[in-house]
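Beneath this line is the structure, given in structure tokens, with notes to follow.
The values are calculated or read from the model by the stated rules, or taken from the named source; none is laboratory data. Since we're looking at a predicted model, the values are computed, not measured. In this analysis, Cβ positions are derived from the backbone assuming ideal geometry, glycine residues included, and neighbour counts consider all displayed protein chains. These accessible areas exclude ligands, DNA and RNA; they are computed on the full protein's heavy atoms, side chains included. Shrake-Rupley method; radii C 1.70, N 1.55, O 1.52, S 1.80 Å.
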2 protein chains.
Amino acid sequence: MTSPTLWDKILSSEKIILGEELKNYSRSTGFSEALPLAVLRPTSVSEVQQIVEVANQNQILVYPISRGQNWGYGDACAPSAGQVILDLRNMNRIIEVNEELGYVVLEPGVTQAQLWEHLKEKNISLWMDSTGAGPGASLVGNIADRGFGHTKYGDHFINTCGMEVVLASGKILNTGFGHYKNSRAKYVYRYGVGPILDGLFSQSNFGIITRVGIWLMPRPESFSAFFFLAPQDHDLEKIIEVLSPLKRQGILQSAVHIANDLRTLSGKMSYPWERANGEVPLPTKLRENLRKELGIGAWNGCGSITGTPAMVKAIEKEIKRALKNYHPIFLNDKKLKWAQALSKILKKLNIGLSLASKIEVVGPVFEMLKGVPVSEPLRGASWRVRKIDEGKLDHPLEQGAGLVWVSPILPMTGKDARELTDILKPIYNKYGFDFLATFTLLTERSMCCVTNISFDKKRPEEVENAKICYKELVKNMMDAGFIPYRTGPGGFDSLSEGSEVFWDTVSQIKTALDPQGIISPGRYQPKKNNFT
Amino acid sequence: MTSPTLWDKILSSEKIILGEELKNYSRSTGFSEALPLAVLRPTSVSEVQQIVEVANQNQILVYPISRGQNWGYGDACAPSAGQVILDLRNMNRIIEVNEELGYVVLEPGVTQAQLWEHLKEKNISLWMDSTGAGPGASLVGNIADRGFGHTKYGDHFINTCGMEVVLASGKILNTGFGHYKNSRAKYVYRYGVGPILDGLFSQSNFGIITRVGIWLMPRPESFSAFFFLAPQDHDLEKIIEVLSPLKRQGILQSAVHIANDLRTLSGKMSYPWERANGEVPLPTKLRENLRKELGIGAWNGCGSITGTPAMVKAIEKEIKRALKNYHPIFLNDKKLKWAQALSKILKKLNIGLSLASKIEVVGPVFEMLKGVPVSEPLRGASWRVRKIDEGKLDHPLEQGAGLVWVSPILPMTGKDARELTDILKPIYNKYGFDFLATFTLLTERSMCCVTNISFDKKRPEEVENAKICYKELVKNMMDAGFIPYRTGPGGFDSLSEGSEVFWDTVSQIKTALDPQGIISPGRYQPKKNNFT
């Protein structure tokens, strides 16, 4: 069906991957593995257009990926076998940087590290936002999946402006004002005129994003990161109740992440198999000891403040008052350097190890609060792997890590947080999994609760348990009204549960734009609405 | 084609308007007038669904309006004759108010005044945002048209969450998470999961919005309005250059409106026909005198600050520094009351009249900066009417006012503002019209330049001039890359100028969702993509 000669006509041979290397694209940290027919690595929009045309003529299914590091939400792997993967890694140009108005224009292959280094090298006074997917992850890919990071620009989708999309027809669509010649506001005003189409190309399979404008924030005059911790599990509600009004009042502008002890541990160490005597989930007593040793709380929060020095001071005061029971500390670059120096001394002297460890934990988080891409959070993906390869901590697939996210959205109230926790935690534990959880105060009114099943892919029985556990988690939380903000292949089908008109409308639009259903079949396409 | 009996089956007689009253729906402040076949006033979603079903069966065109006060962008009038107007004024329930999370859920008939009074009466500590369309204008209608107001929540579309839409199929679509049973985050998280459809139902004709969640801001602990003025026309660039970075740094959070002298005058008085000896546009010398008499500048700006007292103080300091050449003054409720008392005394003593007048001008603007709907801005619509009826200043149609907006978006730079002004102003003047202009710092990177042709509909030659002037304005600005953010029936056709794929895609979606093209044919549907 997809004879090499079909692609040879439009792509030079080094852009066509066949044979053994395809296996790298069949792997996933999730439940399904799917071997592609071929992998194509176009280097220009025109090549993408030609591929889509050929695919349409020959009814070949194409599955675009940016860098394939959509960890735990599908990775580089198509939802079903036999698709041709369009690997856009070599379309990695930073096309424009506008320092005055604060935006960049990127291709899908540009990684978090690449943009960060570019801004640093050229001394451009703009800050980006990073996710925990690591330095090698694509920015555009994360936008298409509507991921989020840590800064004031944490909501990635809302900070994009002006998409270039290759449609199934092979034509190029420019959203916003981008389809008007000479349009000046292409990358500064999102809506354009007429219906807004941008939303159609996120979490969908309606087209292939080949270029996008991303807003960056000006380097702030003053920056302060804050950290806090709460000793008890039930402090969660109280923390959310005090921070929630601050978000709506515009006092707290950055995303705020509140991680439980397990999530925090997983960024720092692997599952302590020996100390736990192989028992799962993590025994309570050991968990308490680890908290003490590492100086972490039941809940551990962080966020940041930017503005003029006087604004930052005024806001620090409010946050200090709100979090007075939870030991808030405020750090800027200068203070952190002092603390890090102190930590080294403490370690040498073999005293204050919990404090030293606390400072070490804080380092990478501090960087992320400034939008710097770091690889530490990726370590968490391998939490439950028995034999960790310390040299490959940033590559979950190489570790054989099992990772599937369960990440519902909830109103920003303590009550909702507790109710959700009470649903999820027992299910995780019932199947022997740890309840690794982060509540992110994402918008002014909503939070995302990011949890994940962490398992060892080399243990078939654990994989089976994870599958059952996943279904039970999703069903129970959705029944209670907690819907995921994002999902991977394992979760697509459940999305149409109890809903009809919405997904029928989505299907109608898909049919209108891609009548043969050649782009990413299955992606965000619940089965009963499937076309293939 | 639309026999009364068709509607009698589904609507009681008082909901069906025929005969003389139809003329009220044929009028427009713009160029076209279009007599509808009938006007229907459903009171429930189920009635809207039935109407759409009947319309589909009988190929009747339906044109939904909320309150019909879309002044200068189409008013209550369909783009072409023979449509059945769906007047949703009686679907005017405030369905939910969530004071804790800061949102309301409204039907399309709810007016700005109605919501404001509701919040006031029930002492709900939330602030709304209002446009200048007057107390009787619909909030939902303005959202569908992507209008904007004056506060931090000035971008109306971005502050909506969760739409209920009746599709051409008669089915009800809930966007975001709203299509899931018991969904808790329906009105607090916009995106839902899967493609985002909300944008499709703004500036389009894809469905009929029957309900929407609107975010409101918590009443701020501290509020400060600021006003500034610049004596010279060329101060415009400098003002924009100093404010633009403050927007991106998050220091200036509200919309900032910068109105020229003519715009400011038009909110306060009618065209001084006598003093101008009938001459148009307004003679330079008279213009200068009026500025002095009313104490206004060539450019007159306003915005607001909200937060804790310390934050407001810190931000005031920054704005004061940025605008030091433009006499910024800061007002809160207390200061304004003092000023108003002072103004009365000055007037009695017949001294400081310019100052007194300045304070009077400020009053309604101060209210708008707090989101209060006021009727004063509507006066501007009748600027060029010869015989003003002072009793009907809030009803442009009754005045015979000619009003057509020309409102392009531009990057937030002084250079762009000047270039745009240099294009528009000579064209306005060439046809004898005044260049009434407001630059609104709308987002962190873009401005909207709201200008309008103000003419007297009772003067056929002025109407003809306005038509030619309008086309020339739109063509010239679009050629230069300044695209309107919104338009009325006179401008729909020009939207496809120089653009193909975008409007073809819009057409494909329209056909998918409304195969017979029965909903609002022509609305945001450039002719070459028309279906009827």
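Filtering the range B:428-443 to residues that are crowded, with 23+ Cβ neighbours inside 10 Å and more than 17 Å from the chain's Cα centre (by Cα) leaves B:Tyr428, B:Phe433, B:Asp434. Among the residues of the range A:212-234, are any open to solvent by less than 10 Å² (accessible area, probe 1.4 Å), within 30 Å of A:Gln59 (Cβ to Cβ), within 25 Å of the chain's Cα centre (by Cα) and within 9 Å of chain B (Cβ to nearest Cβ)? Looking for residues that are open to solvent by less than 10 Å² (accessible area, probe 1.4 Å), within 30 Å of A:Gln59 (Cβ to Cβ), within 25 Å of the chain's Cα centre (by Cα) and within 9 Å of chain B (Cβ to nearest Cβ), one finds none in the range A:212-234, hence no. Of the residues making up the range B:56-84, those that are in contact with a helix residue (DSSP H, G or I) (Cβ under 9 Å, 6 or more places away or on another chain) and hydrophobic (A, V, I, L, M, F, W, C) are B:Ile60, B:Leu61, B:Val62, B:Ile65, B:Trp71, B:Ala76, B:Cys77, B:Ala78, B:Val84. The set of residues in the range B:450-471 that are part of a helix (DSSP H, G or I), hydroxyl-bearing (Ser, Thr, Tyr) and farther than 16 Å from B:Gly491 by Cβ is empty. For the criterion of being more than 21 Å from A:Arg486 (Cβ to Cβ), touching a Lys or Arg at 6+ places or on another chain (Cβ under 8 Å), of a type in the set (A, V, I, L, M, F, W, C) and away from every other protein chain (no Cβ under 14 Å), A:Leu393 passes.
In the range B:132-166, the residue that is nearest to B:Ile518 (Cα to Cα) out of those that are part of a loop (DSSP other than H, G, I, E, B) and open to solvent by less than 10 Å² (accessible area, probe 1.4 Å) is B:Asp145. Within the range B:28-40, which residues are assigned to a loop (DSSP other than H, G, I, E, B) and either at pLDDT below 95 or open to solvent by less than 20 Å² (accessible area, probe 1.4 Å) (or both)? Within the range B:28-40, B:Ser28, B:Thr29, B:Gly30, B:Phe31, B:Ser32, B:Glu33, B:Ala34, B:Pro36 meet the criteria.
All conditions but one from (1) under 17 Å from A:Asn205 (Cβ atoms); (2) without any contact (Cβ under 8 Å) to a residue 24 or more places away in the chain apply to A:Leu61; the one that does not is (2). Open to solvent by 20 Å² or more (accessible area, probe 1.4 Å) and within 14 Å of another protein chain (Cβ to nearest Cβ), is that true of A:Asn476? When the stated conditions are applied, A:Asn476 passes them. Here A:Pro272 clears all of (1) more than 14 Å from chain B (Cβ to nearest Cβ); (2) more than 23 Å from A:Thr451 (Cα to Cα) except the condition numbered (2). The number of residues in the range B:478-532 being aromatic (Phe, Trp, Tyr) and under 19 Å from B:Ser32 (Cα atoms) comes to 2.
Quick one: in the range B:1-27, of everything that is assigned to a helix (DSSP H, G or I) and polar (S, T, N, Q), which residue is nearest to B:Asp493 (Cα to Cα)? The selected residue is B:Asn24. Name the single residue that is farthest from A:Gly192 (Cα to Cα) among those in the range B:165-205 being among the aromatic types (Phe, Trp, Tyr) and at the interface with chain A (Cβ under 7 Å from one of its Cβ atoms). Step by step, filter the range B:165-205, then rank; the result is B:Tyr180. Selection over the range A:102-123 of residues that are within 14 Å of chain B (Cβ to nearest Cβ), open to solvent by 10 Å² or more (accessible area, probe 1.4 Å) and either closer than 24 Å to A:Thr451 by Cβ or in a loop (DSSP other than H, G, I, E, B) (or both) gives a count of 0. A search for C-beta distances below 7 Å between a residue of the range A:233-247 that is within 14 Å of A:Pro328 (Cβ to Cβ) and any residue that is assigned to a loop (DSSP other than H, G, I, E, B) and not small (Gly, Ala, Ser), counting only pairs 6+ apart in sequence or on different chains, returns A:Val242/A:Leu323; A:Leu243/A:Leu252; A:Leu246/A:Leu252. Scan the range B:189-221 for residues that are within 29 Å of B:Pro521 (Cβ to Cβ) and among the acidic types (Asp, Glu) and the total you get is 1. Looking across the range B:498-507, the residues that are more than 7 Å from chain A (Cβ to nearest Cβ) and out of contact with any helix residue (DSSP H, G or I) (no Cβ under 6 Å at 6 or more places or on another chain) come down to B:Glu500, B:Asp504. If you go through the range B:54-80 and keep only what is surrounded by fewer than 19 Cβ atoms within 10 Å (Cβ to Cβ), at pLDDT 95 or above and not in a helix (DSSP H, G or I), you end up with just B:Gln59.
For B:Ile172, the stated conditions hold: it is of a type in the set (A, V, I, L, M, F, W, C), over 22 Å from the mean Cα position of the chain (by Cα), open to solvent by 20 Å² or more (accessible area, probe 1.4 Å) and on the phi < 0 side of the Ramachandran plot.
Only one residue in A:Gly278, A:Gly267 is open to solvent by 40 Å² or more (accessible area, probe 1.4 Å) and more than 13 Å from chain B (Cβ to nearest Cβ), so which one is that? Outline the logic, then answer.
Details: A:Gly267 fails: open to solvent by 40 Å² or more (accessible area, probe 1.4 Å).
Testing whether each residue is open to solvent by 40 Å² or more (accessible area, probe 1.4 Å) and more than 13 Å from chain B (Cβ to nearest Cβ) leaves just A:Gly278.
Could you tell me which residue of the range A:510-520 is nearest to A:Leu420 (Cα to Cα), considering only residues that are buried (at least 21 other Cβ atoms within 10 Å of the Cβ) and either facing chain B (nearest Cβ under 9 Å) or more than 22 Å from the chain's Cα centre (by Cα) (or both)? Within the range A:510-520, the match that is nearest to A:Leu420 (Cα to Cα) is A:Lys510.
Looking at B:Ile85, B:Ile51, which is the one that is more than 25 Å from the chain's Cα centre (by Cα), open to solvent by less than 10 Å² (accessible area, probe 1.4 Å) and at pLDDT 95 or above? It would help to see each step written out before you state the result.
Working: B:Ile85 fails: more than 25 Å from the chain's Cα centre (by Cα).
Within the list B:Ile85, B:Ile51, the selection yields B:Ile51.
Annotation note: of A:Ile10, A:Ile16, the sole residue that is without any contact (Cβ under 8 Å) to a residue 40 or more places away in the chain and open to solvent by 10 Å² or more (accessible area, probe 1.4 Å) is A:Ile16.
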